[in-house]
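Structure first, then comments.
The values are calculated or read from the model by the stated rules, or taken from the named source; none is laboratory data. This structure is a prediction, so every number in the text was calculated from the model and none was measured. Counting neighbours? That spans all protein chains shown, and the Cβs are built from the backbone with ideal geometry, glycine included.
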Amino acid sequence: MGANFGEPKATGATGVSGVGYAFGEFRFSPEARNLSLWGESLHLGSRALGILRVLVERAGSVVTVDELLTLVWPDTTVEETNLRVQIAALRKVFARGEQGRGAIETVPRGYRFTLPVSRWADDSSEAESPAEHTDNLPAVLATTVGRAETIARLARLLTEQRLVTICGPGGVGKTTVAIEVARHCLPRFADGICFVDFSSIADPGLVTSAIASALGVAVHSNEPMAGVFSYLHKKRMLLLLDTCEHVVDAVASSVELLLSQLSHLRILATSREVLRATGEWAYRLPSLSHPTHPDGLTAADALSYSAVDLFVQCARATCDQFELQDANAAVVAAICHRLDGMPLAIEFAAARVGELALREISARLDDRFNTLTRGRRTALPRHKTLAATLEWSYQLLPREEQAMLRQLSVFRGRFTADAALAVAGTRWARSTALTYLSNLFSKSLLTVDVGGEAPLYRLLDTTRAFAAEQRTAEEWHEASLRHATHMLASLKEFDIDYESGDDRDWTEHHRTLIDDLRGAIAWALSESGSRDLGLQLIGNALQICYALSLFDECARRLKGVLEATPETPVTDPLALGRVWQMYGHAMWQTAEPIQTVIGAFRTTLELARNAGSIEQQRQALFSLHLAFAQNGDYAQCLSVAKEYASIAKTFSSFGVALRHQRMMAVALHGTGEQEGARAYVAQMLTDEADPAGKGRPRGIRVSTCVAIRPTLARILWLQGYPEQAWECACNGVERARAIDQPLQVAWAIAFGVVPVACWMGKIAEAKEFADLLLATSLEHSLILNYRFGQAYQAVLDGTFDAGGEPPGGPYLADLVATMDEGAATEAALMRGEHGSETWCTAEMLRIRAARLLAQGDADDDAEALLQRSLDVARRQKALAWELRTATTLAELWQRRSRRTDALEVLSPVYERFTEGFDTRDMVRAAAILKLN
C-alpha cells in the first residue's frame, strides 16, 4: 500500500528547488505560492504571499513599512494603506489556526512575525503541492475528534525531538493520532514517510526485517540492518513505527542504532509501553475529555466534551436519526464518563444506538465486555472487541505482573503505592512489588496523578473490570479483605480531632478514598465479608461523611445496617456505638425529627458507658449537646456540657478543653446568661490567638473557630453592640470560606450573619446571604441548613407560615420569630410564656404583648407581659431586647397620654447604646423620643 520506498522519489516536471517553512499548524511553500492549514490550501493573493515570505524569512525581527513596500511593490509607488489591507488579509487567514492569532505583530515603524519557524527542503512547483511527498501511510478510517491540539503539539515535538513515542492504553487512539501527525509533517521530509506496522509479527527477531520490508529494501543477508542503513543514508525521512509493545526491546535496540548512524532520520512510534531508548520523548496520549458530573448537562454543555462529540458522530453513522438533545445529554455524558473517554470503547457503545436505548446501553456497561463487541470488520483483531483489546495487553504481561494487576482491580478510585502494597500482601518483597507497579504504569495499564504530595495511581474503569474478571474466588476474597483492612487503617490514621489545628487538606485526601470506602463497606457487609469489619468502617467514616456532605447516602445505608444488626451478633460494641453516632449525625443533617436524632445519640452514650469508653462518651455528649440546643432545651444542653467537663479532665488535649468552652458558651447563651457565655468566648478567642496555632481548628464538621463566631455575634447583639455583632458575623463567614468546606460556610451564614442582618434591618444583605445559604446547602445536600435557608427566605419575602413549627425544630422557630415578629409561631410564644427562661424569652413575651395590643382590647394584659419582658431582659442584661420592649411599652403609654412615663422607660435604655444608631430598632426608638 502506498509508494515503493526502494525507488527514487519523483519530482514535478518543472521542479524548482527551494525552502519551505512550517509555523504552528501552517505550511508555506514560497516556490509553489501556497499557504496551507492542516493540508488545506488557503486562498491568498500574490502581494499577501510576498509580504508573508519577507516576514517569515526574517521571523522575530522587525521589518519596516518602507522595506515591505520596496520588496513587495518594487516597481510601483503605493500608499501604506495597500500594505495594511494585505496585512489584514494575512491576519484573517491566520486566525483560522489555533496557533495563528497574533502571528503578525504591529510594532513602531513596521511589523514582526512572532511564531517559531522551521525550514524544510521544498522541491515544489506551481503545479505540485508540497503535500505530494511519498508515503505509505494507511488511510485513517477513525475520527480524530478532540485531537487537533494534540496533533499540533506532537507535530511541533517532531521538529525538536528525533524520537517521539506516543504511549497509552489500548483503544485510546494512538495509531490514528500518529498517522495524522505524520501526514501533517509530510512536507518537512524531503524523502517521505514510511509506516511500519509491527502488529502482525510475533518474533522480535523480525523487527529489522519488517522495517526493511516497509522501506522496500531487498534483504540479501542475515543482517537486514545493513541494507536499511544503505538505503536511508543521507535521506530526510520519518519512520512511523506502529504497535511496538510486544516487541519493545527489539524496537528500542533498532531505534537507537538507526538514530545513532542516521543524522537526518526522525522516528515516531506508538506503543502501550515506552521504548526506554536513548533520546526518547514519551508522550502519554490522554483519553478524550468527558464530564465527571454528567447529571443536569444540556446538549450544548455535553458537546463541549470531545468524548460526547465522538459518541454523537459515531451514533449518527450507525443511526442517522440520532440527535443529542437536552433530554438525553446526561445519559450520553454518563456513558462517556463510565468509559473514561476511551475512543474505541465509545465507538463500540455508539454502534449499539440503532438497536438499544441509551439508558439500556448505560445499564449494560456493567457487562461491558459482552455489550461492546461491535468493532469495524476491517479493524485489527485486537480492536474488534473491547475484551480483545485488553486481552492483548494482559497477555503481554509477565505472570507476576498479571497477578499484581488482578490484585489492584479491587480498587475503585485512586490509590497510593503504599495502598497497592497493602492489598498485594506479602507475596512479594516491597522493592519487587514497587517494580511491578511501575511496570504496569509504563505499560499504560495504570494512570498516575503526580500533582499531590505522593503519586496517585488508578485503573481505568474498563481495565479494572477486565482484570476483575480474571480473578479467582480465592484471590477476590483475599484482596477484598486486605483492601477493607487497609481502608480501616487509613480512616483511623487520618481521623483526626477537628480541633487539632493540622493544616493538611483533609477534605481532598478523603475525596480520594470515598469510592474505595464504599466498595470496602459493601464487601464487608456481604455474605462473604466481615460484618464487624464493616461496622468499624462505617463507624470511622464520620469525618469523611461531613467532609464530602454525604449525609443522605449515609442515612440510607445506616438504616439498613442497623435494622439488620439485632439479628447478627456484634462482637465489638464500640464499633456499633460509632455506627449509632454516625446515624444520629446523618439523620440530623437530613432533617429527621430532632427527637429521633437525640435518641440515636443517647444509644451511642449508653453503649459507650457499657463498654467503658471515655472517648466515645465524650463524643456522644458533644453530639447530644448540639441536638439539645437545636431542640431549644438549653437546660439539658447545660447539663450535658457540665457532664462533659468532668470527662474532659481526664484528657490532656487542648482541643477537648476548647470544645468544653464552646459547649458552655452555647449553653449559657441559650439559658440567657450572656455575660457568662461571653466570658467563655473570650477565653476561646485568647486561646485561638496562641502563637503556637493550637487553637486554629481545621478539618471537618464545623470547626470551633467558625462555630463560635455566630454565638459571639448573637451575644454582642443582645448586649447592645450591633456593629460589632455584624463585624463578628461577617468574620465568621470569611473564616468559613478560608477553610473551603461547604458545611462551614452554611453554618456561619445560618447561625450568624443572616439573623444579625435581620435584627439590624440590613434586609438586602440578609437576602443575599440567605440565597447563598440555599445554593450552598442544595448543592452539597446539607438538608438541615437548607431548611434554615428556606425559612429565612420566607421570612424575608413575607411568606412565612406561622401556623406550625418549622422543620428545623424549636431553635429555628425561636430564631425566625426574633427576626420578624409576624413569623412567631404559637408554640414559640407558648414556650416564651410558660417554658424555661431562654435567650429569647423577653422577645417572645414582647411579641405576645404586641399581638394583644393589635387586638385592641387587652392593654392591661399586654402591659403586664411587657413589664415581665423588661424584667427578664434586665436580668439577662440583654440590652437589645430591653430596647425593643421599652419601645413597645413607650408606644403603648403614648397612646394612653403617659408621655413622661414613655420617656422615662425608653430614654435610659437608648442612652446606654454607644453604636448602631442607624439600625432598625434604634431608629424606631429615636423617632418616639423625638416626639416626646
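Summary table
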item	result
Those helices (runs of 4 or more DSSP H) lying entirely in the range 14-109 with at least 2 residues out of contact with any Ser or Thr (no Cβ under 9 Å at 6 or more places or on another chain), outside the structural domain of Pro187 (by TED's automatic domain parsing) and exposed (fewer than 14 other Cβ atoms within 10 Å of the Cβ)	65-72, 80-94
Number of positions in the range 737-782 that are touching a helix residue (DSSP H, G or I) at 6+ places or on another chain (Cβ under 8 Å) and under 20 Å from Ala823 (Cα atoms)	23
All positions within the range 391-418 that are crowded, with 19+ Cβ neighbours inside 10 Å, at pLDDT 90 or above and either out of contact with any Leu (no Cβ under 9 Å at 6 or more places or on another chain) or assigned to a loop (DSSP other than H, G, I, E, B) (or both)	Arg406, Gln407, Ser409, Val410, Phe411
One residue from Ala454, Ala489 being farther than 29 Å from Ala334 by Cα, in a helix (DSSP H, G or I) and among the hydrophobic types (A, V, I, L, M, F, W, C)	Ala489
Index of the failed condition, Pro224 passing every other in (1) at pLDDT below 90; (2) surrounded by fewer than 20 Cβ atoms within 10 Å (Cβ to Cβ)	(2)
Any hit, the range 308-317, residues being out of contact with any strand residue (DSSP E or B) (no Cβ under 7 Å at 6 or more places or on another chain) and within 24 Å of Glu779 (Cβ to Cβ)	yes
Residue satisfying condition, being crowded, with 24+ Cβ neighbours inside 10 Å, touching a Leu at 6+ places or on another chain (Cβ under 9 Å) and more than 22 Å from Arg236 (Cα to Cα), within set Gly171, Gly146	Gly171
Of all residues in the range 268-298 being acidic (Asp, Glu) and assigned to a loop (DSSP other than H, G, I, E, B), the one that is modelled with the highest pLDDT	Glu273
Considering residues of the range 458-493 that are without any contact (Cβ under 8 Å) to a residue 12 or more places away in the chain and not hydrophobic (A, V, I, L, M, F, W, C) only, the residue nearest to Trp523 (Cα to Cα)	Glu474
In the range 522-542, residue modelled with the lowest pLDDT [restricted to those that are of a type in the set (S, T, N, Q) and surrounded by 21 or more Cβ atoms within 10 Å (Cβ to Cβ)]	Asn540
Selection within the range 777-790 - assigned to a helix (DSSP H, G or I) and either surrounded by 17 or more Cβ atoms within 10 Å (Cβ to Cβ) or in the same structural domain as Ala586 (by TED's automatic domain parsing) (or both)	Ser777, Ile783, Leu784, Asn785, Tyr786, Arg787, Phe788, Gly789, Gln790
Residue match in the range 907-922 (condition: hydrophobic (A, V, I, L, M, F, W, C), over 53 Å from the mean Cα position of the chain (by Cα) and over 20 Å from Cys840 (Cα atoms))	no
Residues located in the range 502-521, provided they are at pLDDT 60 or above and part of a loop (DSSP other than H, G, I, E, B)	Thr512, Leu513
The range 235-267, residues that are touching a residue at least 24 places away in the same chain (Cβ under 8 Å), of a type outside the set (A, V, I, L, M) and either assigned to a loop (DSSP other than H, G, I, E, B) or touching a Gly at 6+ places or on another chain (Cβ under 7 Å) (or both)	Lys235, Arg236, Thr243, Cys244, His264
Residue match in the range 827-845 (condition: modelled with pLDDT under 90, more than 22 Å from Leu626 (Cβ to Cβ) and aliphatic (A, V, I, L, M))	no
Of all residues making up the range 447-464, the number that are hydrophobic (A, V, I, L, M, F, W, C), closer than 14 Å to Arg284 by Cβ and at pLDDT 80 or above	2
Condition check for Phe628: buried (at least 24 other Cβ atoms within 10 Å of the Cβ) and either of a type in the set (Val, Ile, Thr) or over 30 Å from Trp881 (Cα atoms) (or both)	no
Ala635 vs. criteria among the small types (Gly, Ala, Ser), crowded, with 24+ Cβ neighbours inside 10 Å and in a helix (DSSP H, G or I)	no
Hey, Glu469 farther than 24 Å from His246 by Cβ and at pLDDT below 90 or not	no
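Conditions tested, residue by residue: (1) assigned by TED's automatic domain parsing to the domain that holds Glu592; (2) free of Cβ contacts under 8 Å to residues at least 24 places away in the same chain; (3) under 22 Å from the mean Cα position of the chain (by Cα).
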{"site": "Gln719", "(1), (2), (3)": "no, no, no"}
{"site": "Ala738", "(1), (2), (3)": "no, yes, yes"}
{"site": "Ala750", "(1), (2), (3)": "no, no, no"}
{"site": "Ile763", "(1), (2), (3)": "no, no, no"}
{"site": "Ala775", "(1), (2), (3)": "no, yes, yes"}
{"site": "Pro806", "(1), (2), (3)": "no, yes, no"}
